[in-house]
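**Student:** Here it is: the structure, laid out below.
Values quoted throughout were computed directly from the atomic coordinates according to the rules given, and no laboratory measurement underlies them. None of the values given here were measured: they were computed from a predicted structure. Here Cβ is always computed from backbone atoms with ideal geometry, including for glycine, and neighbour counts include all displayed protein chains.
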C-alpha cells in the first residue's frame, strides 16, 4: 500500500509540482527531511533541518481548503540530530504512536535517521 506523504508545513509549491514528495524546501527555508501525515490526513508532522534539526506539527480542516495551520505548542525546539528531534516528536505527538499507518511511516523513517 502506498502512503501519501505530503509536505504540509507551507511548502513553496513553486519549487516543485510533485504533491507527494518526501523532501523539499519550505517557504521558511527549512529543508524538509520527512513529512508524516496522520491516518485521517488532518494532521501532519514535518521534520526539518535548518542548521539544526526540529519538527513542526500542523493541522488542516475541511474549511481550510487545503491550507495547513501550525500547532503552536508542539515542536519549536532545536535539536542536534534528526534522531533527537524524532524522539521528541514521538513523545509529544500522540498520534505518531497510535495511528497505524503514521506509526509505521515514522518507525521506517526512524530506522534511517538512527542508522
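**Student:** For a protection proxy built on the mean count of beta-carbon atoms within 10 angstrom, sort 107-113, 38-44, 85-91 highest first, please.
**Tutor:** The packing order, highest mean first, is 85-91, 38-44, 107-113.
**Student:** Using 0.36 nm times the number of residues separating residue 59 and residue 108, minus their current alpha carbon distance, what extension gain do you get?
**Tutor:** Separation in residues times 0.36 nm, less the Cα-Cα distance, equals 15.4 nm.
**Student:** Using a simple spin-label model with points 7 Å from Cα along the Cα→Cβ vector, what separation in nm is obtained for residue 97 and residue 81?
**Tutor:** Result: 2.1 nm between the two label points.
**Student:** Quick one: 99, 64, fewest Cβ neighbours within 10 Å first, how do they rank?
**Tutor:** Ordered from fewest to most neighbouring Cβ atoms within 10 Å, 99, 64 come out as 64, 99.
**Student:** Could you order the peptides 100-106, 54-60, 77-83 from most to least packed, using the average number of other C-beta atoms within 10 Å per residue?
**Tutor:** 54-60, 100-106, 77-83
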